[in-house]
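Everything below concerns the one structure shown next.
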Amino acid sequence: MEETNGELTVTVRAKNIPELRTKLLKILGEMEDSNHTSEDFPENIKKIYPEYESNPHSAAILTVLREKHVGKANAIFSWELSEEMIDQFPRLFKGKTQGQVSRGNILPANHLEKAGLLKIGHQKYQNTADEYRVYWVE
């Protein structure tokens, strides 16, 4: 890669189109990662949660909850919440499975609950004594 007169020139050698495509996607992915330092969270999240840059997972939780899950009647369990977070912030959760994001919700949500930014409730699974966590904002 070289840059001259404000233009970027990239030379990619490949034996066939699939190899070229793979190499180009890798280059673009690396450039996106280096140019992208944080997600673009809504202004209201930036105001109520100033730590959004250092805790983007928490900010993603808050964003989704404040947009779609206001009030206990609209509570969502972690598995569904993680799916919505992945859909809304694909770069943040790139390479993560829904299960990994869901498990990753536990500690950030506890922190956000202590700060009074979200609510956590528990609902019982059908046919077992186990409970699962549900999240919402007021």
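Values in this text are rule-based calculations from the coordinates and carry no lab data. Predicted, not measured: the structure shown is a model, and the values here were computed from it. When we count neighbours, we look across all protein chains shown, and the Cβ atoms used for this are built from the backbone with ideal geometry, even at glycine.
Using a cut-off of 32 Å between Cα atoms, the listed pairs Lys26/Lys47; Lys26/Lys114; Lys23/Lys96; Lys46/Lys94; Lys23/Lys68 include Lys26/Lys47; Lys26/Lys114; Lys23/Lys68 as exceeding that distance. Spin-label model, His111 to Thr97: label points 7 Å out along the Cα-to-beta-carbon direction sit 2.5 nm apart. Peptide packing for 69-75, 6-12 was compared via the average number of neighbouring C-beta atoms within 10 Å per residue; ordered from the highest value, the list is 69-75, 6-12. Taking other residues whose beta carbon is less than 10 angstrom from the beta carbon of Leu81, and scoring Lys, Arg as +1 and Asp, Glu as -1, yields -1.
The label point for Lys46 and the one for Glu67, both projected 7 Å from the Cα toward the Cβ, are 1.6 nm apart.
Among Thr97, Thr63, Thr4, the ranking by other beta carbons within 10 Å of each residue's beta carbon, starting with the fewest, stands as Thr4, Thr97, Thr63. Projected onto its three principal axes, the C-alpha set of the chain covers 60, 38, 21 Å, listed from the longest axis down.
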